[in-house]
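Notes to accompany the following structure.
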Amino acid sequence: MMDVRWSRVLAAGVMGLALQGQVCLAQAGDAKAAWMLGPFERLVDAPVISPLKESTFTDPVSGKVVHWEALHTFNPAAIVKDGKVYVLYRAEDDSGAMMIGGHTSRIGLAESEDGIHFTRLPEPVLYPARDNQQENEVPGGVEDPRIVESEDGTYVLTYTQWARERNTYTVGVATSRDLRVWAKHGPAFGTTGKYAELKYKSAGILTRRVGDRLIAAKVQGKYWMYWGEVELRLATSTDLIHWSPVEDAKGQPVVLLRARPGLFDSAFPESGPPPLLTRDGIVVTYNAKNAETGGDPKLAPETYSVGEALFSASDPKRLLVRTKEPVFKPEQPYERSGQYKAGTTFAEGLVLFKGRFYLYYGCADSRVAVATAPVR
């Protein structure tokens, strides 16, 4: 999700990036194209997870009791386990500066038997601690998770590590067998080598459907991860923990999606929930920011909406088609009120549950909501 950290990048001229012939646009009005996952509709006209001021937690770094989900609860990952939907959501405490990115974030866990009504744990399950990732996660915290299940039932979480005082952020990787106890493995691209100093965030690992499960998928013998904000890029792994960016002929990370002037993603695209391998190809659901000027006139400036792109099933970096209109966008008051008032439907969690897709998303950087679509 956008905040003051990333806005400096946009000032460098993202709006002027050319399409370079890489995109075959889907036509406007293609919201029901056969390859797409939508259209998504709201299950209930209300958030499903909202802040709780009474929740407390003893912070292992400071030793102080904090109200860990008092201000905002948003940007959720989601997974189905034992017939229930589990949502891992970003929660901000009431410390720090009253501005986007100024608080400490932790990851909470909530479960539901119907995908709508959630019971949450009283304390976070992933948080900054006095561990080997402290320098990467203090004081900003852990943010914006995405989750997949591996073939052996291990859960793999990608999330943003935010070291606010050093203005450094990376994609962290953590694993768990029960969604409650997590082992942190550090930055996805490692701490040495050419990408050790890279600032990067937002990463969704490719999945495939196995019955009613969506599990991590291999293509060409490797796992694939679509990552990045401002430009959408790609990485591969053999173990779901250690990742290597896919590079172009110049040795730079290959760029898959860029901003498109005049459209809903005119400021930039950003990786959304874990992509899905289908019979038509790889469906990448991504978040998109409308430009302040020169964007989609049907959306308010700086609105975050959701788009979809289709990549080749045999070549995950080859783009086949990309929607020209958002497939989901802010429409309700709770999606336009909060700490990001321009409007946000920021998708990070996608599950197959009771014969339908459930898309969990953040509302205005403040709450969690859900939408569904039929499985075609």
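Please treat every number below as a calculation from the coordinates, not as lab data. Bear in mind the structure is a predicted one, so any value in this text is a computation, not a measurement. Don't worry about glycine lacking a Cβ; one is built from the backbone with ideal geometry, like all the others, and counts go over all protein chains shown.
Summary table below
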item: For region 327-368 and region 265-301, distance of Cα centres in Å; result: 13
item: Sorted by Cβ neighbour density within 10 Å, fewest at the top, the residues Met98, Met225, Met36; result: Met98, Met36, Met225
item: Percent RCO, i.e. relative contact order, over region 4-374, from Cα pairs under 8 Å lying at least 6 residues apart; result: 18
item: Gain on full stretching of the segment that runs from Glu292 to Asp178 - 0.36 nm per residue minus C-alpha separation; result: 36.8 nm
item: Tyr159, Tyr86, Tyr286 arranged by Cβ crowding within 10 Å, fewest neighbours leading; result: Tyr86, Tyr286, Tyr159
item: Extension gain, Ala196 back to Asp45 (0.36 nm per residue minus Cα-Cα distance, nm); result: 50.0 nm
item: Fewest-first sequence of Ser55, Ser105 by Cβ atoms within 10 Å of each Cβ; result: Ser55, Ser105
item: Sequence-separation-based contact order of region 44-153, relative, with Cα cut under 8 Å and 6+ spacing, percent; result: 24
item: Residues in region 158-197 reached by a label modelled at Ser150 [backbone nitrogen below 17 Å; 7 Å Cα→Cβ]; result: 158-159, 172-190
item: Angstrom value of the Kirkwood radius, inverse mean 1/r, which spans all Cα pairs in region 314-376; result: 13.3
item: Taking the convex hull of Cα positions in the chain, its mean projected area over all directions (nm²); result: 16.7
